[in-house]
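**Student:** Sharing a structure here in structure tokens format.
FYI, it's all coordinate maths here, none of it is from the lab. For clarity, every value in this text was computed on a predicted model and none was experimentally measured. Positions of Cβ are generated from backbone atoms using ideal geometry, with glycine treated the same way; all protein chains shown enter the neighbour counts.
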Amino acid sequence: MGSYFLRKLITLPLTILLIAFSIFALLSLLPGDLARLVVGPEASPEAYQAVREKLQLDLPWPVRFGRWLFGLLRGDLGESLSRGLPVGALVGSSLTVTLPLALLASVIALVIALPLGTLAATHPGGLVDLATVGAAQLGMAVPEFWLGILLMGFLAIWVQAFPAGGFPGWERPGAALVHLVLPALALALPRAAYLARMTRASLADVLAAPYIRTARGKGLREASVLGRHALRNALIPVVTAAGLSLGHLLAGALVVENLFYLPGLGRLALAAVRARDLPLLSGAGLVVAGMMVLLNLVVDLAYGALDPRIRYR
Amino acid sequence: MRGLGLKLGIALLTCSLGLVALGYLWLPADPLAIGGDRFAPPSLRHPMGTDWFGRDVLARVLVGGRTSLGIALAAVALGAALGAALGGLAGLRGGLPDELLMRGMDFLLAFPPLLLALFLAVLLGPGPWGIVIAIGIFNVPYFARLVRGSLLTLREREFVLAARAIGAGPARILLRHLLPHLASPLVVQLTVSLGAALLAEAAFSYLGLGTPPPTPSWGRMLKEAQSYFALSPWPAVFPGLVLSLTVLGLNLLGDGLRDLLDPRLGRLTAWLRS
């Protein structure tokens, strides 16, 4: 475990370096005139020259990459072309929306999925089981943003139980949370379907194991068979899946934010695309990809910590 | 239960693919024609109603399916071809190329496809190619891992040894002896990937990264309908419904085929007879 952890920690900066380089390469090494791409074909020579200087295109690329990396180490991601603000500050403030959204969605997904999956596995062939299996298939086929449109349409526009979009900021935490409910639901329901299916499958496997029969045989009540013996083991793959789901949620959040006009990372990235704001797009991309890598590492390690049978070499 | 899922999947897919195919022969109205009733509810003349411009939603769903399915198919074909080639190379050569290729695939798996689509949208401008490439690249690691994994176990099997013993060359062993074993897992993966690609395409078109208007696609139609939901929900309901049912059909088909095609279970013949 120790050496595995160490090796992972050593490869982590390498992976992030590789990601940084691919983002840089994608946006800077491809043939074509970057400054022209940013300002458009009809721009004045002065504007063109200004962007060339801002992007430091007169320098050779290794120097540009080196400067970008060096800035990265100091937490300086450069300056946004379209907004004139530091990219780090823009990305940071957008994360205060995206991260709570993804977290809220995963909590909702687990709260729905665990009881449903447990009920389905303990009553195979029952009504809850059939409904769970059906809903899981449906949930995996429905795009989050369509669910979001429907939720918004029915719960915000017709019934007006929730705000239809926008974000008041965290100065008013209650209002902020209310604004996150519908987008979080849109993200959570498809994930809940998937996780319920996993819980059901995993718990059904565990319930068929001999040690469960032993536990029942020695006269334990069904509740403690389930709680102390079955669920503990069955939830290990579910926790892993939930962790990895956070990555999916993050990607989904980028789309759903645009639907609900939430000032998160997704809207920032899309605005960067529209304005062809390369420094902002690279910064936002690096943060997203970096978070995915970190998340995968945490899930990897949590898996080992939860299940003592897993020995990393 | 399993048989039911498979049959349902085939039925759903037949319906939605049939609808899109029907669009080539007959359309209820010109999908781009503006005018007539705006926001008409579903009726005999407009089975799915009309949108903000008075365009027939059914006609747009039929034509939009071409865009959505076309992009998804092209992307999965790209991903499968590239992935199978890389996975084949890694699985057969082993050693350093294998190690390098597979680390590259791990890296790709960690890279969010949306990010790639956003980058390509800047570089290539509006149009379908950015998202075809983004979804295609996203699919590469899945096919590469699948092919490599299968080849690693297959190449140690007795029938490969036997083929080599009677003097078959590497190309013949690959094409005649190994490929048939890969066919069924590949078909399953293709089905599942196609469903995921349709969802991704819809999300990207929804964000405005796909084909520019007025060409309809299911994702773009949802984007346009969203703004007018208060006036009429129908244009937002039907394209999403058709999209979801198509993906559901593909997922059910994939699950069903996985069970059927598993050679150890030998259920295909039993199912075909039933």
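**Student:** For the protein assembly as shown, build the convex hull from the C-alpha positions and give me its volume per residue in Å³.
**Tutor:** 211 Å³
**Student:** Could you work out the relative contact order of chain A? I mean the mean sequence separation of Cα pairs under 8 Å and 6+ apart, divided by the number of residues, in percent. Before the final figure, lay out each step's value.
**Tutor:** Numbers: 353 pairs, mean separation 84.4, N = 313.
So the answer I get is 27 percent.
**Student:** Work out which trypsin sites (Lys or Arg not before Pro) in chain B are exposed loop sites (DSSP not H, G, I, E or B, at most 14 other Cβ within 10 Å) and give the longest gap free of them.
**Tutor:** With trypsin sites (Lys or Arg not before Pro) excluded where exposed in loops, chain B gives B:46-156 as its longest stretch.
**Student:** Continuing with this model, one more query. List the equivalent ellipsoid semi-axes of segment A:92-312 in whole Å, largest first, each obtained as the square root of 5λ for an eigenvalue λ of the Cα gyration tensor.
**Tutor:** They are 36, 22, 14 Å, listed from largest to smallest.
**Student:** Among A:84-96, A:51-63, how do they line up by average Cβ neighbours within 10 Å per residue, starting with the highest? Write down the numbers at each step before the final one.
**Tutor:** Details: A:84-96: 17.2, A:51-63: 13.0.
Ranking the peptides A:84-96, A:51-63 by packing returns A:84-96, A:51-63.
**Student:** Please enumerate, by chain and number, the aspartates and glutamates with C-alpha under 17 Å from the C-alpha of B:Lys223, excluding those fewer than 8 residues away in the same chain.
**Tutor:** A:Glu144, A:Glu257, B:Asp51, B:Asp56, B:Glu201
**Student:** Note down the nm distance, to one decimal, between modelled labels 7 Å out along Cα→Cβ at A:Lys54 and at B:Thr14.
**Tutor:** Calculated label separation equals 5.8 nm.
**Student:** Another one. Using a 10 Å cut-off on Cβ to Cβ distances, tally the other chain neighbours for every residue of B:117-126 and report the average as a whole number.
**Tutor:** That works out to 5 on average.
**Student:** Next up: Taking B:Lys7 as the anchor, which aspartates and glutamates have their alpha carbon closer than 16 Å to its alpha carbon, excluding any fewer than eight residues away along the same chain?
**Tutor:** Filter leaves B:Asp255, B:Asp259.
**Student:** Subtracting the Cα-Cα distance from 0.36 nm times the residue separation, let me have the gained length for B:Leu96 to B:His181 in nm, one decimal.
**Tutor:** Here the answer is 28.1 nm.
**Student:** Place the peptides A:197-205, A:211-219, A:161-169 in order of packing, highest mean first, counting for every residue the other Cβ atoms within 10 Å and averaging per peptide.
**Tutor:** Top to bottom by mean Cβ count within 10 Å: A:197-205, A:161-169, A:211-219.
**Student:** Can you give me the long-range amide H partners of A:Leu262? Hydrogens built in the peptide plane at 1.01 Å from N, cutoff under 5 Å, separation of 5 or more residues or another chain.
**Tutor:** A:Gly166
**Student:** How many partner chain Cβ atoms sit within 10 Å of a residue's Cβ in peptide A:132-144, on average, as a whole number?
**Tutor:** Mean number of neighbouring Cβ atoms from other chains: 5.
**Student:** So what's the projected area for segment B:1-160, the Cα convex hull averaged over all directions, in nm²?
**Tutor:** 14.8 nm²
**Student:** Give me the inter-chain shielding for B:148-160: mean count of other chain Cβ atoms within 10 Å, whole number please. Working shown, then result.
**Tutor:** Working: counts 0, 0, 0, 0, 0, 0, 0, 0, 0, 0, 0, 0, 0.
Mean partner shielding for this stretch: 0.
**Student:** Tell me which residues come under 5 Å, amide H to amide H, from B:Gly127 once H is placed; ignore anything under 5 positions away on its chain.
**Tutor:** When sequence neighbours closer than 5 places are left aside, there are no close amide H contacts.
**Student:** Residues with amide H under 5 Å of A:Glu79's amide H, sequence separation 5 or more or different chain, H placed in the peptide plane at 1.01 Å from N; which?
**Tutor:** Excluding prolines and chain starts, which carry no amide H, the hits are A:Val87.
**Student:** Oh, and also: Label points 7 Å out from Cα along the Cβ direction at B:Leu261 and A:Leu12: separation in nm?
**Tutor:** The answer from the label model is 4.0 nm.
**Student:** Whole-Hz Karplus ³J(HN,Hα) for segment B:182-194, in order, using 6.51 cos²θ - 1.76 cosθ + 1.60 and θ = phi - 60°, x for Gly and Pro?
**Tutor:** 7, 4, 5, x, 5, 4, 4, 5, 4, 4, 5, 4, 4
**Student:** With contacts defined as alpha carbon pairs under 8 Å and 6 or more residues apart, what's the relative contact order of chain B in percent?
**Tutor:** Computed value for chain B: 26 percent relative contact order.
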